[in-house]
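As structure tokens, the structure follows; a few thoughts come after it.
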Amino acid sequence: PETCAMMLSEATDEIRTFWNSDLRFPKGAGADWLTRLQSEFEAPFPVELETYIRDVMLLGDFAFEMVGNPINVYGARNLGATQEGYTHNAISGERLDDWQQHWFLFADEGADPIIIDLSAGHSAVFRAIHGFGTWEFDVVADSIGQFLLCCAALHHAMTHWGIEAIVDDENGFNLAEEPAQWLFPKMKDWAGVHDSTWCSVFDNY
């Protein structure tokens, strides 16, 4: 358990080394919100998820800028065992059978759900592509800490250098030289085996 909490602590400490001070960084929803959310799910929460909700998560949603759709990380007010469009039909209210009750939905990328599988006993982060009739999840990070760090790093690369961060020309869709020199070496270390999941969109990766 201490290792999971340290992974999250190390990730948030690393984010603060480059995070734009003008942007609010998550401060934690508190123990009461953690208790409420735990009461809605039958499966126990992994320790890192507990720490994330209590000590890191905001009350409102928070968006990380990506190449396409931003990754929208839900705040505590928008979390729960019932999520319209995923657990239930948004119009009829009918429960959708293909959504498992042990999937803890805490973010999305253009409606692609990002979850923690509570039945797995750990806090690896999974993402699925919506619109295919069934949910097929793939791991995008081995922990919540790694997920947040990768999100924040890409957000920084996309925003710190402004509109000049992307070069889209006859040479392909590339991250410009300066942000690439900052991001790519760090992502090989921070994302590990998942680095291509986060950076393969750039032809110069």
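Please work out if Val140 is touching a His at 6+ places or on another chain (Cβ under 8 Å) and either under 23 Å from Leu49 (Cα atoms) or not hydrophobic (A, V, I, L, M, F, W, C) (or both).
The answer is yes for Val140.
I'd like to check something: does the range 129-144 contain any residue that is in contact (Cβ under 8 Å) with a residue 24 or more places away in the chain and assigned to a helix (DSSP H, G or I)?
Yes - at least one qualifying residue is present in the range 129-144.
Tell me whether the range 184-203 contains one or more residues that are modelled with pLDDT of 95 or more, over 29 Å from Met57 (Cα atoms), open to solvent by 50 Å² or more (accessible area, probe 1.4 Å) and touching a Gly at 6+ places or on another chain (Cβ under 7 Å).
yes
Using beta carbons and a limit of 9 Å, which pairs, at least six apart or on different chains, have the first residue in the range 29-42 and over 18 Å from Leu118 (Cα atoms) and the second one basic (Lys, Arg) and surrounded by 14 or more Cβ atoms within 10 Å (Cβ to Cβ)?
Cβ pairs passing all conditions: Ala29/Arg54; Gly30/Arg54; Ala31/Arg54.
Could you list all residues from the range 109-128 that are within 18 Å of Met66 (Cβ to Cβ) and either assigned to a strand (DSSP E or B) or open to solvent by 50 Å² or more (accessible area, probe 1.4 Å) (or both)?
Glu109, Asp112, Pro113, Ile114, Ile115, Val125, Phe126, Arg127
Return the only residue of Leu34, Leu8 being in a helix (DSSP H, G or I) and modelled with pLDDT of 95 or more.
Leu34
Do you know which residues across the range 163-183 are of a type in the set (Gly, Ala, Ser), outside any helix (DSSP H, G or I) and either in contact with a strand residue (DSSP E or B) (Cβ under 9 Å, 6 or more places away or on another chain) or open to solvent by 60 Å² or more (accessible area, probe 1.4 Å) (or both)?
Ala176
The values are calculated or read from the model by the stated rules, or taken from the named source; none is laboratory data. No experiment lies behind these values; they were computed from the predicted model shown. We place every Cβ from the backbone using ideal geometry, glycine too, and count neighbours over all the protein chains shown. Just the protein is used for accessible areas: all its heavy atoms, side chains included, with ligands, DNA and RNA removed. Shrake-Rupley method; radii C 1.70, N 1.55, O 1.52, S 1.80 Å.
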